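K.L.:
Quick one: the structure is below, questions incoming.
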Amino acid sequence: ISANGLDAKAMKSFFDEAKKMANLRHLDIGFNTVAFFKNHQPGQSEEATLASLSAVLAACKQLSLLNISGIGLANVCLTKFMKEFSKVKQVSVTHLVMRSLNHRMLTTSDCVQLADIIGRMPFLSTLDASCNNLGERGFSRISDALVKGQCLQQLLVANNNLTSRANVSLCRVLSSNSSMSHIDLRDCKIGSGSKRVANMTEEEAEEEEEEEIADESSGTEDSAESFPKLCQAIADCYWMRTVNLGGNFINKLKRKRRKKSQMNHQGQKIRL
């Protein structure tokens, strides 16, 4: 029932019936942002809808695919959802699709709660979190949950501004999920350093600055050092079939690592 502009009242009616469907396997409620979970203080109808959705997840033991893309589930709404979702001990979902959850970037606190949701899905084999601008900090939180699961086969995190500082987290996820077969890292800037992003709170920006200073003083690996390790972690996945690294500025890595000079055809020194 995706992309129907359904409001909270209509969604609640649907969820109340859906939880009676014991054999429900696929639930797609994506892109109902027009009048569903907008980025504002939810009223009683929205809270009731969130409670009904959690009831569906708890009741439908065979549910394997859940698509909550583009429903504006962030900030206050995400907190309210987690309050209800925390009552569900374990979810049978194996495929979680949550593209473009909000019209703006998700904050680190949003990602902490998303990690909690993922952590309640022990059989998760596919995660599509594309186009959320998670950043390195947000992905680090989510990767902690993915490491514990150890069932992941497909990780789709394209267009998330991860930067090279997420390479360590990516290596952890790959090494703990030996059955990984598909990974999509398009436009994640894993070949470039981190940059502050607009969704950071003042406190998060200060923490980011402290981390950058600590990285410099401790000699933390830069992109030129961490990227080859990421490539090795991908190569070590025996079942890996598809790897997409498009749009990651990898050419900058080559220039940074090879500092020696060569002579061009005119006898002039050139920098590589």
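The values are calculated or read from the model by the stated rules, or taken from the named source; none is laboratory data. Everything numeric in this text was worked out from a predicted model, so none of it was measured. Counting neighbours? That spans all protein chains shown, and the Cβs are built from the backbone with ideal geometry, glycine included. These accessible areas exclude ligands, DNA and RNA; they are computed on the full protein's heavy atoms, side chains included. Shrake-Rupley method; radii C 1.70, N 1.55, O 1.52, S 1.80 Å.
K.L.:
Just by accessible area at a 1.4 angstrom probe, what is the order of ASP128, ASP28 from largest to smallest?
P.N.:
Solvent-accessible surface, decreasing: ASP28, ASP128.
K.L.:
So what's the net charge close to ARG99: Lys and Arg +1, Asp and Glu -1, counting the other residues with Cβ under 12 Å from its Cβ?
P.N.:
Here the charged neighbours net out to -3.
K.L.:
For ASP7, tell me the accessible area in Å² from a 1.4 Å probe, rounded to the nearest 10.
P.N.:
70
K.L.:
Then there is this: Taking 0.36 nm per residue of sequence separation and subtracting the Cα-Cα distance, how much length would be gained by fully extending the chain between GLU17 and ARG241, in nm to one decimal? Can you show the working numbers first?
P.N.:
On the way: separation 224, 0.36 × 224 = 80.64 nm, distance 3.96 nm.
Answer, rounded to one decimal: 76.7 nm.
K.L.:
Here's a follow-up. May I ask you to derive the relative contact order of the range 118-169, considering only C-alpha pairs under 8 Å and at least 6 residues apart, and to give it as an integer percent?
P.N.:
On the way: 72 pairs, mean separation 26.8, N = 52.
It rounds to 52 percent for the range 118-169.
K.L.:
Continuing with the same structure: Amide H of ASN32 versus every other amide H placed in the peptide plane: which residues, excluding those fewer than 5 positions away on the same chain, fall under 5 Å?
P.N.:
When sequence neighbours closer than 5 places are left aside, the close amide H contacts are ALA3.
K.L.:
Mean shadow of the range 134-174, computed from the convex hull of its alpha carbons, in nm²?
P.N.:
Numbers: hull surface 10.3 nm².
For the Cα atoms of the range 134-174, the hull's average projected area reads 2.6 nm².
K.L.:
Separate question: Measure off 7 Å from each Cα along the Cα-to-Cβ vector at LYS83 and LYS229, then give the distance between these two points in nanometres to one decimal.
P.N.:
4.1
K.L.:
Would you mind computing, in nm to one decimal, how far apart the modelled labels at GLN62 and ARG25 are, each placed 7 Å from Cα along Cα→Cβ?
P.N.:
Placing both labels 7 Å along Cα→Cβ, they lie 0.7 nm apart.
K.L.:
Now for a different question. Pulled fully out, how much extra length does the chain show between ILE250 and LYS148, if you take 0.36 nm times their separation in residues and subtract their Cα-Cα distance?
P.N.:
Extending this stretch completely gives an extra 33.8 nm.
K.L.:
Apply the Karplus parameterisation 6.51 cos²θ - 1.76 cosθ + 1.60, with θ equal to phi minus 60°, to every residue of the range 173-178 and state each ³J(HN,Hα) to the nearest whole Hz, in sequence, with x for glycine and proline.
P.N.:
5, 5, 6, 8, 10, 5
K.L.:
May I ask you to compute the full-extension gain from ILE1 to HIS182, defined as 0.36 nm times their residue separation minus their alpha-carbon distance, rounded to one decimal in nm?
P.N.:
Extra length from ILE1 to HIS182 when fully extended: 62.4 nm.
K.L.:
From the P(r) of the range 95-179, could you give the percentage of C-alpha pairs in the tail past 22 Å?
P.N.:
Cα-Cα pairs of the range 95-179 separated by over 22 Å account for 13 percent.
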